[in-house]
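For reference, the structure is listed below as structure tokens.
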Amino acid sequence: MDKDYEKKYHELEDSHFWFKSRRNFIIQLLVNENKDSKILDIGCSSGLLLTELVKNGFNKKNLYGIDISEDAIENCHKNDLDNCFVMSGENIALNQDFDIIIASDCLEHIENDGKALKNWKDNLKDNGKLYVFVPAFMSLWSNHDVVNMHYRRYTKNQLTNMALKYHLTIKKAGYWNVTLFIPLYIIRKTNKLFLTKKLKQTKGDLYHIG
């Protein structure tokens, strides 16, 4: 990720509606889970989801996070989250098996996404749960994806077919924020037409809506 953009990301992730909505959505998915569940947040950033889980009664000693960014993990430690480590989401080496793994907007950052998905499955306990969130539709591809160093966007069928290939059982699949599709499509197509090449190379969506 572009370093200036990452700085902006960390400044906004606590208050920006997109990040707050995503955290709230995940919290609701986990509301009935055992509070002693061992949970891994892949691409944990500053650990705000893990902090929210603690506030919702989950046992902090069983909450883990990894992120490829040293700045992100430093922020986690400042937020009193000890089990957070600088590590690639493609090859997790924690010597732990997890009840729940959350991968929120990180699979698209990994070139070999199939290898990563298999690795995540291998880090789950029997009957463990994997929650994967990814950006949808290549028709929405924009400079935001370039700045964030994405390799791809997905459709529901693409993601579920890959999960089935690695023998994951699909409990639920869908698009969690479909109301934004049309406005995002218009914004991104308009940006492609009217933004200068220099602006395209340096800006992402947080600069427009943050």
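The values are calculated or read from the model by the stated rules, or taken from the named source; none is laboratory data. In this text, all values refer to a predicted model and were calculated from it rather than measured experimentally. Positions of Cβ are backbone-derived with ideal geometry, glycine not excepted, and every protein chain shown enters the neighbour counts.
So the values come out like this:
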read-out: Filter pass, Asn157 being surrounded by fewer than 14 Cβ atoms within 10 Å (Cβ to Cβ), more than 29 Å from Leu63 (Cα to Cα), modelled with pLDDT of 90 or more and over 16 Å from the mean Cα position of the chain (by Cα); value: yes
read-out: Residue selected from region 56-66 under the condition of a type outside the set (A, V, I, L, M, F, W, C) and under 13 Å from Leu94 (Cβ atoms), by the criterion surrounded by the fewest Cβ atoms within 10 Å (Cβ to Cβ); value: Asn62
read-out: Residues within region 42-68 that are in a loop (DSSP other than H, G, I, E, B) and either closer than 16 Å to Asp99 by Cα or not aliphatic (A, V, I, L, M) (or both), tallied; value: 9
read-out: Looking only at region 92-114, and only at residues there that are closer than 17 Å to Arg153 by Cα and over 13 Å from the mean Cα position of the chain (by Cα), the one that is surrounded by the most Cβ atoms within 10 Å (Cβ to Cβ); value: Asp113
read-out: Selected residue [at positive phi and either of a type outside the set (Phe, Trp, Tyr) or touching a strand residue (DSSP E or B) at 6+ places or on another chain (Cβ under 6 Å) (or both)] from Asp67, Asp99, Asp71, Asp80; value: Asp80
read-out: Residue in region 128-136 that is surrounded by fewer than 19 Cβ atoms within 10 Å (Cβ to Cβ), at pLDDT 95 or above and touching a Phe, Trp or Tyr at 6+ places or on another chain (Cβ under 8 Å) present; value: yes
read-out: Matching option when the condition is free of Cβ contacts under 8 Å to residues at least 60 places away in the same chain and part of a helix (DSSP H, G or I), among Lys8, Lys20; value: Lys20
read-out: Options Ser15, Ser88: the member that is assigned to a loop (DSSP other than H, G, I, E, B), surrounded by 15 or more Cβ atoms within 10 Å (Cβ to Cβ) and small (Gly, Ala, Ser); value: Ser88
read-out: Residue pairs meeting the criteria (Cβ under 7 Å; at least 6 apart or on separate chains; first closer than 16 Å to Tyr131 by Cα and assigned to a loop (DSSP other than H, G, I, E, B), in region 103-117; second at pLDDT below 95 and among the hydrophobic types (A, V, I, L, M, F, W, C)); value: Asp105/Phe133; Asp105/Val134
read-out: Breaking point among (1) closer than 26 Å to Gly128 by Cβ; (2) in contact with a Gly (Cβ under 7 Å, 6 or more places away or on another chain); (3) of a type outside the set (Phe, Trp, Tyr), for Val31; value: (2)
read-out: Residues of region 131-152 that turn out to be β-branched (Val, Ile, Thr) and outside any helix (DSSP H, G or I), as a count; value: 2
read-out: Residue check, Glu70 among the acidic types (Asp, Glu) and under 16 Å from the mean Cα position of the chain (by Cα); value: no
read-out: Per-region count, region 83-135, residues more than 21 Å from Phe25 (Cα to Cα) and touching a helix residue (DSSP H, G or I) at 6+ places or on another chain (Cβ under 8 Å); value: 13
